[in-house]
1. What are the residues in region 183-198 that are closer than 12 Å to LEU162 by Cα and open to solvent by less than 60 Å² (accessible area, probe 1.4 Å), if any?
2. Quick check on region 2-23. Is at least one of its residues at pLDDT below 95 and away from ligand 1 (no atom under 16 Å from the Cβ)?
3. Check region 111-119 and report whether any residue there is within 13 Å of ligand 1 (Cβ to nearest atom), farther than 20 Å from ASN137 by Cα and either of a type outside the set (Gly, Ala, Ser) or over 14 Å from the mean Cα position of the chain (by Cα) (or both).
4. Consider GLY63 carefully, then state whether it is modelled with pLDDT of 95 or more, within 8 Å of ligand 1 (Cβ to nearest atom) and small (Gly, Ala, Ser).
5. Take the residues in region 160-182 that are away from ligand 2 (no atom under 16 Å from the Cβ) and part of a helix (DSSP H, G or I); name whichever of them is surrounded by the fewest Cβ atoms within 10 Å (Cβ to Cβ).
6. Where residues in region 121-138 are within 15 Å of ligand 1 (Cβ to nearest atom) and open to solvent by 10 Å² or more (accessible area, probe 1.4 Å), which of them is nearest to the chain's Cα centre (by Cα)?
7. Residue check: is PHE129 of a type in the set (Phe, Trp, Tyr), within 16 Å of ligand 2 (Cβ to nearest atom) and in a strand (DSSP E or B)?
8. Collect the residues in region 1-46 that are within 16 Å of ligand 2 (Cβ to nearest atom), of a type in the set (A, V, I, L, M, F, W, C) and closer than 22 Å to ILE155 by Cα, keeping them in residue-number order.
Amino acid sequence: MLTPEQYSDDLYEKDEVLEAVTRSIQDHGINDVSIAPGYGRLLTLLVRSSGAHSVLEIGALGGYSGVCLAKGLKDDGKIVSLEISEDNAKLAKSNMENAGYGGMVQYMIGPALDSLEVLKSEGATFDFFFIDADKENYPNYLEYAISLAAPGALIAGDNFLLRGRTLNTDKNGPSVQAIRKFNEMIARDERLISTMLPAYDGLALAMVK
Ligand SMILES: C[S@@+](CC[C@H](N)C(=O)[O-])C[C@H]1O[C@@H](n2cnc3c(N)ncnc32)[C@H](O)[C@@H]1O
Ligand SMILES: [Mg+2]
């Protein structure tokens, strides 16, 4: 029997652009941990419906989520993408260019915490945040997102279930502990209106009040 995710994914026509991104990630021998297709569609929908003009992505990999975010933006939209790996940033840039979104995106290469501090010191603000890099820093990334948020900005955080490890009380490694803290912040921080979607590997969603 199909899973609910497989059933709903199968209803969609193949997206040639996103399939090309996935193929290029595989061709480079990179472990494909791109966002799940249904959540990629949700990013596009949320960016478009919220009218966001500026997006901050934390974790680019091969540009799959970058393309999904760009698809939601109008032509004058901008994406800043923080990525520690120069090779991944190069691949993501080339995939964004091939998809027709090269002019929209700027990559900041290095540890995301350093880039976030630079953005904060410059007084940058964003309408939409997608958090999807090293899990140990999710609580820090959420704090930065709140501090860089334009009024009413949306924040999406991928993988809050960590393939079930978040729920497993025997698992207490640094990533699990950080994600549990992130999840509690999402659920309880009074600066946020939020929900948590437990399909695929989990997507946390919040609006900064
Ligand atoms: C899960 S992948 C991102 C997937 C991408 N958002 C997508 O859905 O297409 C995580 C990415 O975060 C990057 N990364 C890991 N630690 C980082 C850090 N400290 N700062 C910035 N990027 C980091 C990795 O190199 C990797 O490309
Ligand atoms: Mg992810």
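The values are calculated or read from the model by the stated rules, or taken from the named source; none is laboratory data. Predicted model, so just to flag it, every value in this text is computed and none were measured. With ideal geometry, Cβ positions are generated from the backbone for all residues, glycine too; neighbour counts draw on all protein chains shown. What goes into the accessible areas is simple: the full protein's heavy atoms, side chains included, and nothing from ligands, DNA or RNA. Shrake-Rupley method; radii C 1.70, N 1.55, O 1.52, S 1.80 Å.
1. Of region 183-198, the ones closer than 12 Å to LEU162 by Cα are 183, 198.
Correct list: ASN183 only.
2. Yes; the residues of region 2-23 include at least one that is at pLDDT below 95 and away from ligand 1 (no atom under 16 Å from the Cβ).
3. Within region 111-119, not a single residue is within 13 Å of ligand 1 (Cβ to nearest atom), farther than 20 Å from ASN137 by Cα and either of a type outside the set (Gly, Ala, Ser) or over 14 Å from the mean Cα position of the chain (by Cα) (or both).
4. Details: modelled with pLDDT of 95 or more: yes; within 8 Å of ligand 1 (Cβ to nearest atom): yes; small (Gly, Ala, Ser): yes.
Yes: the conditions hold for GLY63.
5. In the first step, residues of region 160-182 are kept if they are away from ligand 2 (no atom under 16 Å from the Cβ); the result is 167-174, 177, 180-181.
Among the residues that remain, those that are also part of a helix (DSSP H, G or I) are: 174, 177, 180-181.
Values: PRO174: 10, GLN177: 15, ARG180: 19, LYS181: 14.
Filtering region 160-182 for residues that are away from ligand 2 (no atom under 16 Å from the Cβ) and part of a helix (DSSP H, G or I), the one surrounded by the fewest Cβ atoms within 10 Å (Cβ to Cβ) comes out as PRO174.
6. By that ranking, first place goes to ASP132.
7. On the way: of a type in the set (Phe, Trp, Tyr): yes; within 16 Å of ligand 2 (Cβ to nearest atom): yes; in a strand (DSSP E or B): yes.
When the stated conditions are applied, PHE129 passes them.
8. Within region 1-46, VAL33, ILE35, ALA36, LEU42, LEU43, LEU46 meet the criteria.
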